[in-house]
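Here's the structure we're looking at; comments come further down.
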Amino acid sequence: MGRRILNDALRTIVNAERRGKATANLHPISTVMTSFLNIMKYRGYIKDFQVFDPHRVGRITVELQGRITDCRALTYRQDIMAKDIEDYRLRILPTRQWGYVVITTPNGVLDHEEAIRQNVGGQVLGYFH
């Protein structure tokens, strides 16, 4: 069920972006989802997000910027080694110029650039561009 929560939230963000909305409301939430959104915020794909009532079902309000064309969560978390991250990124993302693959590693949830810099592998959570 946890992987489906992330996928549903990311699809909600993409649908709100396509309809031209300024915000998207996500519920239920998970800690992996907040980590994924932190990476999106750090890379400039969303403006900000706020978490309401994280101890129960919870809700996240995301302020959109209009930069996201697609973001998906992989329902099968694929293992990836540090040396294979670049090949995987080239295969998944449409171009070299933009987009990020999000990986959960022993060092936390990282995008592919940070994982390559720290030379760690892990499991692929999803991607956005």
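The values are calculated or read from the model by the stated rules, or taken from the named source; none is laboratory data. Just so it is clear, the model here is predicted, and its values are computed rather than measured. Don't worry about glycine lacking a Cβ; one is built from the backbone with ideal geometry, like all the others, and counts go over all protein chains shown. Side chains are part of the model used for accessible areas, which takes the heavy atoms of the whole protein and leaves out ligands, DNA and RNA. Shrake-Rupley method; radii C 1.70, N 1.55, O 1.52, S 1.80 Å.
Looking across the stretch 1-38, the residues that are within 14 Å of the chain's Cα centre (by Cα) and open to solvent by 80 Å² or more (accessible area, probe 1.4 Å) come down to R3, R4, T31, N38.
Taken over the stretch 23-74, the criterion of being part of a strand (DSSP E or B), touching a residue at least 40 places away in the same chain (Cβ under 8 Å) and of a type in the set (V, I, T) is satisfied by T23, I60, V62.
Determine whether T104 is within 23 Å of D8 (Cβ to Cβ) and under 11 Å from the mean Cα position of the chain (by Cα). Yes, satisfied.
Among residues of the stretch 75-86 being surrounded by fewer than 17 Cβ atoms within 10 Å (Cβ to Cβ) and part of a strand (DSSP E or B), the one that is modelled with the highest pLDDT is D79.
All of T95, T75 fail the test of being under 15 Å from H112 (Cα atoms), β-branched (V, I, T) and out of contact with any strand residue (DSSP E or B) (no Cβ under 9 Å at 6 or more places or on another chain), apart from T95.
I need the full set of residues from the stretch 87-125 which are charged (D, E, K, R) and loosely packed, with under 15 Cβ neighbours inside 10 Å, in order please. Residues satisfying the conditions are D87, R91, R96, E113, R117. For the stretch 47-74, which positions are in contact with a Leu (Cβ under 8 Å, 6 or more places away or on another chain) and open to solvent by 50 Å² or more (accessible area, probe 1.4 Å)? Those that are in contact with a Leu (Cβ under 8 Å, 6 or more places away or on another chain) and open to solvent by 50 Å² or more (accessible area, probe 1.4 Å): K47, R59, R72.
Looking at this structure, is Q123 touching a strand residue (DSSP E or B) at 6+ places or on another chain (Cβ under 6 Å) and either part of a loop (DSSP other than H, G, I, E, B) or more than 28 Å from T23 (Cβ to Cβ) (or both)? Judged against the criteria, Q123 is a match.
Listed by first and then second residue, the pairs linking a residue in the stretch 103-116 that is at negative phi and free of Cβ contacts under 8 Å to residues at least 60 places away in the same chain to a residue that is basic (K, R) and open to solvent by less than 40 Å² (accessible area, probe 1.4 Å), with Cβ atoms under 6 Å apart and 6 or more places separating them unless they lie on different chains, are H112/R89.
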